[in-house]
1. With point charges of +1 on the Cβ of Lys and Arg and -1 on the Cβ of Asp and Glu, referenced to the Cα centre of region 56-116, which listed residue (79, 109, 56) lies farthest in the positive direction of the dipole?
2. Would you mind calculating the relative contact order of the chain from Cα pairs under 8 angstrom and at least 6 residues apart, reporting the percent as a whole number?
3. At R0 = 41 Å, how high is the FRET efficiency between residue 114 and residue 57 if r is their beta carbon distance? Nearest 0.05 is fine.
4. Suppose every Lys and Arg Cβ carries +1 and every Asp and Glu Cβ carries -1, with no other charges. What dipole size does the chain come out with about its Cα centre, to the nearest 20 debye?
5. Considering lysine pairs in the chain that are 8 or more places apart or on different chains, how many have Cα atoms under 16 Å apart?
6. Where does helix 52-69 land angle-wise versus the long Cα axis of the chain, in degrees 0 to 90, nearest 10?
7. How much space per residue, in cubic angstrom, does the convex hull of the C-alpha atoms of the chain take up?
8. Considering only 131, 143, 12, whose Cα is most displaced toward the positive end of the charge dipole of the chain, charges sitting on Cβ of Lys, Arg (+1) and Asp, Glu (-1)?
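Computed from the coordinates by the stated procedures, all read-outs in this text should not be read as laboratory data. Values in this document were obtained by computation on a predicted structure and should not be read as measured data. Here the Cβ positions follow ideal geometry from the backbone for every residue, glycine too, while neighbour counts run over all protein chains shown.
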Amino acid sequence: MNSKTKKIAMGGILTALTVLAVFSASFAPSGKISIYVLASFFTAISIIHSDIKFGLLFYITTSVLSWIVLPNKMAVVPYIGFFGWYGIVKALIEKLNRRSLEWIIKIIIMNLVMVAAFFFFQSFLPEIDLSKPWIWPVILVLLQVIYVIYDYVFTLIIDYYYRRFYNKFKN
């Protein structure tokens, strides 16, 4: 099998797994974030086996397909809004090979995403009282800690994938 055919086959399998993961998150009673995290790794795997351009195409394809196929559109929003594209952004940022600058950029992006998510979800969740002045710093610090843990675990799993599986799927 030639490499182009392998790339297309791998993309198809990863696309199906991603849509299945997002679908699973739509009806899972708990652990939804874990399922979205799993879905985010498939984008990274598509980049590992190809390039960032293919990863972007993969993200667009899985986002559109999930939006079309899944009846619960709100279940697709976390994937489209953060988890789906994170592997692409991480790969681009980590090409800088300057760890402190990479973290600064990642934290800025995470904060921008959180502000956008707040404004997006505010109309859906009007009963949440965020008027207390102390709540914003607490929320931002907690989200940043969670984000750093997510990025660290993401890196560990990608490293594990490289060591354990990459060579098996590469050939």
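1. 109
2. Across the chain, relative contact order equals 19 percent.
3. Given R0 = 41 Å and the Cβ-Cβ separation, E is 0.95.
4. 720
5. 12
6. Compared with the principal axis, the helix lies near 70 degrees.
7. 129
8. Farthest towards the positive end: 12.
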